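S.K.: Take this structure first; my questions come after.
The values are calculated or read from the model by the stated rules, or taken from the named source; none is laboratory data. The structure presented is a predicted model; accordingly, all values stated were derived computationally and were not measured. Because the Cβ atoms are built from the backbone with ideal geometry, glycine has one as well, and the counts that use them run over all protein chains shown.
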Amino acid sequence: MYKVVLIDDNEIFLESLKKNGPWNETDCCLEGVAYDGISGKKMIEELRPDIIITDISMPEMDGLTMVEAIRKECPGSKILIITGYDKFEYAQKALQLKVNQILLKPVSLHDLQCALSAIGEEFKKEEERNNNFISLQKKLDLNKRNYEREQRKRMFQLLLTLPCCDQAWIDKQTEKHECYDGGYTIFVMPADQKSIIEKDSAVIESEMEKYRDIAPLIQIVSFVNSSYYITLVLYKKYMRKDKISYAEEKMRNILRDFGDQKEYLLSVTCADNHFYRMQDRYEKLILQLEERMYFLYETVAGDQLKFSESHIMTYFETVITNVKTSKYEDGVLALDKLVEEISQFYTPDLVLIRTALNGFSVLLVRAFDGMEYGETGAHGLMNGFNTVMNIKQAKEQLHAIYRECLKQRSGEDKKYSALVLAVLQYVRGNVYGDISLERTARYFNVSSGYLSGLVKKETGINYNQIVLQEKINAAKELLKHPEYSIEEIGEKIGYTNYISFYKAFKKATGMSPRECR
């Protein structure tokens, strides 16, 4: 609504307008009244109204002088003068002050409504013009950024692939494309999946812009080179080391969310601005990635292996104990870590890696209620280790055995397939996080359509209903803790405002959150 103030020394006229003015009809709200120019000026400076309705002839300060005095303070305010004077000099001064409307007393409510409506249309046209200008400016800025990004991308593609790039060419190109020269990080990962290939610098950059403390200090270049997805982060000169580490960490998290092969994400950070050495560093990183993918020396980055062959069985038993007592997703993480540890310990002997994984899977199956072995079920899946070629395949094989073990042990699994059981456990364990259908389907490496249909077929309700049930159950538990406000509980389970949470909770339980507390 438009804020309106009235200034007139005729108290009867003012009170009449105050009570009977067409405020609602013109989307206006009367915020204040004054009876002379000086009081009116003070009120305008305090309230900063959208529309000022004033008389001309008033004590202390006339209306035109008042308007002239407040024009700099409130340049966007619209002025409507209601006066009993029709002198030419008044009209001339009003035009000089860019008064929007002039009405002569006595004024009818109809005329006032028409004048206010006309002013309202002026506001709308101004807003439309401003929005169009802002939109155009954004498009121009975006086009410029996209062009600059594309040029940098082409330059770095050449830099990484040409047999030799001399220093003069590199200096000229990096200066031409205004590349930051405070160091850089190279990220590489396989690009054999559509979900990775479709990502580009613009998408990644928009994710990094959420971190406003570092976004202005970095440039991002992403592209597919051969069968690898490359992301370069260029740092502004004199950027602090802690900021660089922070930016590197955030970028790594973003790239991991984009792809299904996060275990193959490698990076190297270079504090210098020696772009001429980038190709050599890139090639070494690609070599490490290929070694990791095929169980060679650089299988796992990080700390040294924490077990030796003499007590590997003890390590296996510890992992199995943790897996048996963990939530599904924690069990998967423990198994993934074990695959990486085995791969590093026995590298580069692929036969030993397969044998160790097979031996562990035998112990895992046996630990789940002493299940018998056969050609089907968990035992039948063990043969898959004879053909695994990389960490990803080994993890997927072990996940399948784990799900089959859960299926045979759980009474709930008599009704549900191993995949649906795993999904139900995943939802329960991640109720405070992102458990959208698309993200869950990506986690289990299936399409969202297939997963949705399977869940509906086996449980009788759709996936979103299951998620809602688990979120409401989690909310009920949190409501037992008085240290959490109802708004905080709603936010924890994914509701951005109290009303949405209230409606969902009420519909699901028949009670409001407060009644359930």
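S.K.: Does residue 164 fit the bill of being hydrophobic (A, V, I, L, M, F, W, C) and at pLDDT below 85?
M.R.: yes
S.K.: Which condition from (1) within 43 Å of the chain's Cα centre (by Cα); (2) within 23 Å of residue 117 (Cα to Cα); (3) surrounded by fewer than 20 Cβ atoms within 10 Å (Cβ to Cβ) is the one that residue 96 breaks?
M.R.: (1)
S.K.: A further question follows. Go through (1) touching a residue at least 40 places away in the same chain (Cβ under 8 Å); (2) among the acidic types (Asp, Glu); (3) crowded, with 16+ Cβ neighbours inside 10 Å and name the single condition residue 62 misses.
M.R.: (1)
S.K.: On to the next question. Report, by residue number, each residue of the stretch 448-483 that is within 22 Å of the chain's Cα centre (by Cα) and farther than 20 Å from residue 506 by Cα.
M.R.: Residues of the stretch 448-483 that are within 22 Å of the chain's Cα centre (by Cα), as a first pass: 448, 464, 467-468, 471.
Within the stretch 448-483, just 448 meets the criteria.
S.K.: Test residue 510 against the stated conditions and say whether it is over 15 Å from residue 423 (Cβ atoms) and among the small types (Gly, Ala, Ser).
M.R.: Details: over 15 Å from residue 423 (Cβ atoms): yes; among the small types (Gly, Ala, Ser): yes.
Judged against the criteria, residue 510 is a match.
S.K.: Restricting to the stretch 124-148, what's the tally of residues that are closer than 21 Å to residue 216 by Cβ and of a type in the set (Phe, Trp, Tyr)?
M.R.: Final tally of qualifying residues: 1.
S.K.: Another question about this same structure. Could you tell me which numbered condition residue 48 fails, if it satisfies all but one of (1) of a type outside the set (A, V, I, L, M, F, W, C); (2) within 20 Å of residue 120 (Cα to Cα); (3) at pLDDT below 90?
M.R.: Residue 48 satisfies all of (1) of a type outside the set (A, V, I, L, M, F, W, C); (2) within 20 Å of residue 120 (Cα to Cα); (3) at pLDDT below 90 except (3).
S.K.: To continue, here is another question. Which condition number in (1) on the phi < 0 side of the Ramachandran plot; (2) at pLDDT below 90 is the one that residue 77 fails?
M.R.: Status for residue 77: all satisfied but (2).
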